[in-house]
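The values are calculated or read from the model by the stated rules, or taken from the named source; none is laboratory data. All figures in this text were calculated on a predicted structure; none of them were measured in a lab. Glycine gets a Cβ as well: all are built from the backbone with ideal geometry, and neighbour counts include every protein chain shown. Surface areas here come from the heavy atoms of the whole protein model, side chains and all, with no ligands, DNA or RNA. Shrake-Rupley method; radii C 1.70, N 1.55, O 1.52, S 1.80 Å.
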Amino acid sequence: MSPSLHTGFFEDEHDLLSAAKECRERGIPVVDVVSPFPIHGLDDVLGIRPSRLAWVTFLMGAAGLAFGFGLQYWTAAFDWPLNVGGKPLDSLPAFIPVAFELTILFAGVSTVVALLLRSKLWPSKQVPSGLESTTDDQHALILAQADAAFEDSDFTELFERHGAINSQRETEATR
Amino acid sequence: MVDATLEVPLITGDLVPADVTRDVCSPLEGKPTGLWYAGFCLALVALAIGGTAVLYQVSTGIGTWGLNRTVGWGFDITNFVFWVGIGHAGTLISAVLLLFRQKWRTSINRSAEAMTIFAVICAGIYPFIHMGRPWLAHWVFPYPNARGPLWVNFRSALLWDVFAIGTYFTISLLFWYVGLIPDLATVRDRAKGVRKKIFNLLSFGWRGTARTWSRYETACVLLAALATPLVVSVHSVVSSDFATAVIPGWHATVFPPYFVIGAVFSGFAMVLTLMLVARKTMRFENYITMRHIHAICKVVTFTGSIVGLAYMTEFFIAWYSGSQYELFIFKNRMGGPFAWAYWTMFSCNVIAPQLFWFRKVRNNLLLIFLLSLVVNVGMWFERFVIIVTSLHRDFLPSSWSGYTPTLIEVGSLVFGFGLFFTLFLLFCRFVPMIAMFEVKPLLGKRKRELQQTNREVA
């Protein structure tokens, strides 16, 4: 049997934040937080490390830049050298705009693709029911029962003390 | 109750997050108003009339336009530059103001970005139909073809346009859609039946877990950081279409910054036009407040003043350069056959926005609306003046000519506006017009500020 999950619903994100802090101090595992907007300061409490998406952006941007210059240089100076108004075949300054645009294009598209892949988001992906209010105005703090001594009523008490408006218990993982 | 700050709140009406969801989703869930139907019909009529003209031109040929050997660019490129320019304000609001942490952007960024996308679509139409044989449009892309392979000329500013506009459209669309995902999830969770299925498809299974939000915010900042230099590059490249040519009146190094600021100017004027209509018809007065409108008015005055400075710099340099051709062109602009266009441009762009210095003007919504239209007329004429007056007097006096647009050309102008407003009105009806997840955190802050103040007073 999977450990039971306890979800507390909060209207103010700061109440949730203080509840999450207490959980961290007392060693109660926080399974997840689901909220209608990003809660600032939560990453530190939950120990979420900064995203490494910027690396994808940087590397793919560099790839775009290399591809941009490579494509222009190869087509204009090697594959079919064409004399345009007596300009040199490797007209580097004239190649900057297109190389720049391709840098941005590669970096931007791959950032979005990486975000979707890493967050496992895709069209028509099904979402578990029961948390509909978290896309409206409620923030859900989902805790797992790791210690048998910490009973259901203790969870309810913890949520209420921090100003939760509602709480529920589940055995099935909502994730 | 004492207000903690002298600052006017960004969102008025003491709303709670649930109110935001309800207010923003209600246009999607209810029946549209009569005003919406009236606007939509008008836009469709414009689209149909313009579409007929465009179809006739494409099937018959470029000869249906009033262009001649001397004036090879007219309404087509004017419309192209005009619409690309309109788009720039959307990116500026969503990307640049995000990087500068300007919170007032949150009420208007969604619709300004939509405006960008639709404006870039409209802009793309004109070079496309100007090709004369648009069915060969794929020739502008460098792909291994059976003609050699004959590659495109990467040294041409016109080709840079293909890459600049293409990238701009793609990145703007992605940025806009990524920004929409959490709000589409909100709509999904309120919907039933087929609507739920559709929004489930569109919202990518978004839940809003802490880890996803963290990653999501990083991605948004990265996209903003990419879009900011991109938007500057786009109109710089567009201006290179002119600046890299040796035509007097075009061959100027001031063109890239002059075009970019002009684009921001016209775009903000269009944002003002659309927002004033949206807040009235969609009842978004609590979201798009006088504070937002004042801020946009100030941006319009600021950018309008820079545009005025650019006009005068151009004229000064024409005299200072000692080039008789340059000076001739500028004298001709002010007193030649197109002087009426020049003075329309000057009064609409340089003089009219200065009225926003007066608080009384900034508080008069009808006047703001009219002035925003005036600026857009002026900015359309700016492109017309730059293109047509520079071309119609060639180096050889025997090549001098005039230019009169045909009805078909006017039809292509109507087509752009028809398409733009059709798309925008559909957007108002089917997409959450205000970024709910960005507005909601602002409310809490307001609420806490008030509670804090009340406690202190007590």
When residues of segment A:115-132 are limited to those that are at the interface with chain B (Cβ under 8 Å from one of its Cβ atoms) and not in a loop (DSSP other than H, G, I, E, B), the one most open to solvent (accessible area, probe 1.4 Å): A:Arg118
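For segment B:191-215, which residues satisfy the criterion of being of a type outside the set (A, V, I, L, M, F, W, C) and within 7 Å of another protein chain (Cβ to nearest Cβ)?
Correct list: B:Asn200, B:Gly205, B:Arg207, B:Gly208, B:Thr209, B:Arg211, B:Thr212, B:Ser214, B:Arg215.
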I'd like the full set of residues that are among the charged types (D, E, K, R) and away from every other protein chain (no Cβ under 11 Å), limited to segment B:131-164. B:Arg133
Quick check: is even one residue across segment A:87-99 surrounded by 17 or more Cβ atoms within 10 Å (Cβ to Cβ), modelled with pLDDT of 90 or more, under 26 Å from B:Thr209 (Cβ atoms) and not assigned by TED's automatic domain parsing to the domain that holds A:Phe9? no
Out of A:Gly47, A:Gly108, A:Gly85, I need the residue that is within 21 Å of the chain's Cα centre (by Cα), of a type outside the set (A, V, I, L, M, F, W, C) and more than 30 Å from A:Ser4 (Cβ to Cβ). Which one? A:Gly108
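Every residue, every condition in (1) of a type outside the set (Asp, Glu); (2) surrounded by 21 or more Cβ atoms within 10 Å (Cβ to Cβ); (3) more than 30 Å from A:Leu158 (Cα to Cα); (4) more than 7 Å from every other protein chain (Cβ to nearest Cβ), yes or no:
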{"residue": "A:Gly27", "(1), (2), (3), (4)": "yes, no, no, yes"}
{"residue": "A:Val33", "(1), (2), (3), (4)": "yes, yes, no, no"}
{"residue": "A:His40", "(1), (2), (3), (4)": "yes, no, no, yes"}
{"residue": "A:Arg52", "(1), (2), (3), (4)": "yes, no, yes, yes"}
{"residue": "A:Trp55", "(1), (2), (3), (4)": "yes, no, yes, yes"}
{"residue": "A:Phe58", "(1), (2), (3), (4)": "yes, no, yes, yes"}
{"residue": "A:Gly64", "(1), (2), (3), (4)": "yes, yes, yes, yes"}
{"residue": "A:Gly70", "(1), (2), (3), (4)": "yes, no, yes, yes"}
{"residue": "A:Asp79", "(1), (2), (3), (4)": "no, no, yes, no"}
Every residue in segment B:308-321 that is open to solvent by 40 Å² or more (accessible area, probe 1.4 Å) and within 23 Å of B:Trp400 (Cβ to Cβ), please. B:Phe315, B:Trp319, B:Ser321
Any chance segment A:136-146 includes a residue that's modelled with pLDDT under 80, farther than 27 Å from B:Pro432 by Cα and exposed (fewer than 14 other Cβ atoms within 10 Å of the Cβ)? yes
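Matching residues to (1) of a type outside the set (Ser, Thr, Tyr); (2) at pLDDT 95 or above:
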residue: B:Val45; (1), (2): yes, yes
residue: B:Thr52; (1), (2): no, yes
residue: B:Arg69; (1), (2): yes, no
residue: B:Gly72; (1), (2): yes, no
residue: B:Ala89; (1), (2): yes, no
residue: B:Phe100; (1), (2): yes, no
Could you please find all residues in segment A:1-23 being within 13 Å of chain B (Cβ to nearest Cβ) and without any contact (Cβ under 8 Å) to a residue 40 or more places away in the chain? A:His14, A:Leu17
Single residue of A:Ile28, A:Ile48 found to be closer than 27 Å to B:Asp183 by Cβ and part of a loop (DSSP other than H, G, I, E, B): A:Ile48
Any helices (runs of 4 or more DSSP H) falling wholly within segment B:156-261 and containing at least 3 residues that are on the phi < 0 side of the Ramachandran plot and crowded, with 20+ Cβ neighbours inside 10 Å: B:157-190, B:210-243
Could you tell me whether B:Thr91 is buried (at least 16 other Cβ atoms within 10 Å of the Cβ), within 14 Å of chain A (Cβ to nearest Cβ), under 17 Å from the mean Cα position of the chain (by Cα) and within 29 Å of B:His294 (Cα to Cα)? yes
Checking B:Gly61 against (1) at negative phi; (2) touching a residue at least 12 places away in the same chain (Cβ under 8 Å), which single condition isn't satisfied? (1)
Residue that is farthest from B:Arg291 (Cα to Cα), among those in segment B:354-366 that are open to solvent by less than 70 Å² (accessible area, probe 1.4 Å) and assigned to a helix (DSSP H, G or I): B:Gln354
Need the failing condition index for A:Phe100 against (1) at the interface with chain B (Cβ under 7 Å from one of its Cβ atoms); (2) touching a strand residue (DSSP E or B) at 6+ places or on another chain (Cβ under 6 Å); (3) not hydroxyl-bearing (Ser, Thr, Tyr), just the number. (2)
Would you confirm, using the coordinates I've provided, whether B:Asp76 is within 21 Å of B:Val187 (Cβ to Cβ) and among the acidic types (Asp, Glu)? no
Pull up segment B:12-30, narrow it to residues that are among the hydrophobic types (A, V, I, L, M, F, W, C) and open to solvent by 30 Å² or more (accessible area, probe 1.4 Å), then point me to the one that is nearest to the other protein chains (Cβ to nearest Cβ). B:Ala18
